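The values are calculated or read from the model by the stated rules, or taken from the named source; none is laboratory data. What you are looking at is a predicted structure, and each value in this text was computed from that prediction instead of being measured. We place every Cβ from the backbone using ideal geometry, glycine too, and count neighbours over all the protein chains shown.
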């Protein structure tokens, strides 16, 4: 009996020790050396084939090589990026689920939508901005507007006579058009289309007078002589259209609209993992082959770290909220 009691006591003591060891291990922060040990999932809140998807796949391939683990692209489109973004917010904060998205997820939605199932500022931690996708203002090649100031003069003379294409209320082209109105003191008429192909066809067919689209979408028609580029809406010129001036160069700094792509992780992801991820993403974005790949797709490679990305997000949310109030932009 004594031996049985002693054996039971030893077994119980061992179980307690194992339990304490497991608890201690669970409470120990995940070290950078221990990450990653399994595939990383990059959630893209857009369908395959778009700009965001291209950025994610290019980054994922390079990161996979550096980290020695698969990086899987998980497309979760819908609800203006809300579905995919929420999937990342709700994911385990362990460094194995990341968000790759454009400014829609980080600034436009929180600025224009009164109800979101999450708070990007609270529920996501910025890792890096990796690329910009400049928008270009274009007109039909036969248009009488030889430059942006000619178009502005016509718009001042006849308010709302110039129709421009958007992808719906609160889309990038819509915000860029509203910023141009505000900066130039004019009134334009927005017309929603389903996407670039439809809006550019409408522009070439004379249905509308102004297009605001990505350089990647518009450049082929510009180079084919079917469209004329008036200005780049971003802060810097496009390497794909180097001769086209920016709105800032044309003395309209308040009309700047920057579309960009960034990586984020769920809040409460261990800082050790975030620091390693930041370092790896920085190394990848400085890769010359990746930069050339991005430029070939009409994007401008950049690298902004967590603090700089967070500052851009905070600034744009304030700016777009004010713009939506003045321009009466409502997004349900």
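Annotations for the structure displayed:
- Only one of 128, 178 that is in the same structural domain as residue 206 (by TED's automatic domain parsing) and surrounded by 23 or more Cβ atoms within 10 Å (Cβ to Cβ): 178
- Residue match in segment 157-170 (condition: in a helix (DSSP H, G or I) and more than 21 Å from residue 222 (Cβ to Cβ)): yes
- Condition met for residue 125 (modelled with pLDDT of 95 or more and closer than 30 Å to residue 310 by Cα): yes
- Qualifying positions in segment 94-111 - in contact with a strand residue (DSSP E or B) (Cβ under 7 Å, 6 or more places away or on another chain) and more than 21 Å from residue 129 (Cβ to Cβ): 96
- Selection within segment 207-217 - at pLDDT 95 or above and more than 11 Å from residue 165 (Cβ to Cβ): none
- All positions within segment 285-318 that are without any contact (Cβ under 8 Å) to a residue 24 or more places away in the chain and either assigned to a loop (DSSP other than H, G, I, E, B) or surrounded by 15 or more Cβ atoms within 10 Å (Cβ to Cβ) (or both): 286, 291
- Scan of segment 266-278 for residues that are over 20 Å from the mean Cα position of the chain (by Cα) and either surrounded by fewer than 17 Cβ atoms within 10 Å (Cβ to Cβ) or assigned to a helix (DSSP H, G or I) (or both), ordered by number: 268, 271, 272, 273, 275, 276
- Listed conditions (1) in contact with a helix residue (DSSP H, G or I) (Cβ under 6 Å, 6 or more places away or on another chain); (2) modelled with pLDDT under 95; (3) assigned to a helix (DSSP H, G or I) are all met by residue 80, apart from (1).
- Number of residues in segment 181-199 that are closer than 22 Å to residue 232 by Cβ, without any contact (Cβ under 8 Å) to a residue 60 or more places away in the chain and either in contact with a strand residue (DSSP E or B) (Cβ under 9 Å, 6 or more places away or on another chain) or surrounded by fewer than 18 Cβ atoms within 10 Å (Cβ to Cβ) (or both): the value is 9.
- Candidates in segment 136-156 are the residues that are under 11 Å from residue 210 (Cβ atoms) and part of a helix (DSSP H, G or I); of these, the one that is farthest from the chain's Cα centre (by Cα) is 154.
- Take the conditions (1) surrounded by 20 or more Cβ atoms within 10 Å (Cβ to Cβ); (2) touching a helix residue (DSSP H, G or I) at 6+ places or on another chain (Cβ under 8 Å); (3) part of a helix (DSSP H, G or I); residue 203 misses just one of them, which is (2).
- Test result for residue 264, touching a helix residue (DSSP H, G or I) at 6+ places or on another chain (Cβ under 8 Å) and not assigned by TED's automatic domain parsing to the domain that holds residue 148: yes
- Set side by side, the residues 47, 70 differ, and just one is touching a strand residue (DSSP E or B) at 6+ places or on another chain (Cβ under 9 Å), under 27 Å from residue 286 (Cα atoms) and modelled with pLDDT of 95 or more, which is 70.
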